[in-house]
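The values are calculated or read from the model by the stated rules, or taken from the named source; none is laboratory data. The model shown is predicted, which means the values in this text are computed figures rather than measured ones. Cβ atoms come from the backbone with ideal geometry, glycine included; neighbour counts cover every protein chain shown.
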Amino acid sequence: FNPCAVVETSAGNFQAWLKHPTTFPKLLGTFAAQTLAKRYDADPSAADWRRFGRLPGFTNCKPKYRKSDGLFPFVRLHSHSGQQYPMAEAFEQEITTLYEAREQEHEAMRLESSLSPRRGPRLSNLSLERFRSSTRYQDRPAAADIAFCVAAFANGMTEDRIGCALKTITSPAIPALPSELPTSGEPWRRRRDGPSDEHRCRDSPLWFFLPARQ
């Protein structure tokens, strides 16, 4: 892992830059940086795709680095080859495999969590009445209904229970639907015709989209 550049950002603090064979996607790039930081005992807070390096020739103006004379240290370039490190191709394959394995593990954990009976107490705290009485949705019952549907769906509440809640609790403050919109049938309707599910609450002419669960 020979770095293509080594920069001293302040006394005793260095940034080592590696030249990968390709530009990694953002999340994969962060995972690669975090993995290398862990292996080489580097600062994990600096290992992120959004982290920018300091330019040599400029000063590091963090207050803690102010010198006794009131000045700040210059950022120094210790070495620069511009060359790709020898393990680049092998590391790209390794880090991609590790990242995909981690994502699969996280997805399995999310699925297990969504099916776990321990979600029960969370659902018990969800009620349409709480959303409609919230000051955040004061005089906006349609917005309260949509917020409730999104929260309930995200926490695994079944469509029947959500529909029942919308049908049971009514509010005179909710305006009537336009005549061109159907008002009969279920209090909300769901249609699968793409990567997302489309929903409409009975008491609101607004449509909103929720991610389709696989």
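Here are the numbers:
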{"item": "Filtered residues of the range 56-91 (kept if touching a Leu at 6+ places or on another chain (Cβ under 7 Å) and farther than 13 Å from Phe1 by Cα)", "result": "Pro56, Val75"}
{"item": "Search result, residues across the range 57-77 that are among the polar types (S, T, N, Q) and in a loop (DSSP other than H, G, I, E, B)", "result": "Asn60, Ser68"}
{"item": "Filter pass, Lys38 being assigned to a helix (DSSP H, G or I) and surrounded by fewer than 16 Cβ atoms within 10 Å (Cβ to Cβ)", "result": "yes"}
{"item": "Subset of the range 92-108 (residues that are within 20 Å of Lys19 (Cα to Cα) and either surrounded by fewer than 12 Cβ atoms within 10 Å (Cβ to Cβ) or in contact with a His (Cβ under 8 Å, 6 or more places away or on another chain) (or both))", "result": "Glu92, Gln93, Thr97"}
{"item": "Members of the range 1-45 found to be in contact with a Lys or Arg (Cβ under 8 Å, 6 or more places away or on another chain) and closer than 20 Å to Asn60 by Cα, listed by number", "result": "Val7, Glu8, Thr9, Ser10, Gln15, Pro44"}
{"item": "Any hit, the range 180-187, residues being out of contact with any Ser or Thr (no Cβ under 9 Å at 6 or more places or on another chain) and either in a helix (DSSP H, G or I) or modelled with pLDDT of 80 or more (or both)", "result": "no"}
{"item": "So Thr9, is it polar (S, T, N, Q) and either over 16 Å from Glu92 (Cα atoms) or assigned to a loop (DSSP other than H, G, I, E, B) (or both)", "result": "yes"}
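This table checks each residue for (1) at pLDDT 95 or above; (2) of a type in the set (A, V, I, L, M, F, W, C); (3) within 33 Å of the chain's Cα centre (by Cα).
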site	(1), (2), (3)
Arg51	no, no, yes
Arg54	no, no, yes
Gly57	no, no, no
Asn60	no, no, yes
Tyr65	no, no, no
Ser68	no, no, no
Arg76	yes, no, no
Tyr85	yes, no, yes
Ala88	yes, yes, yes
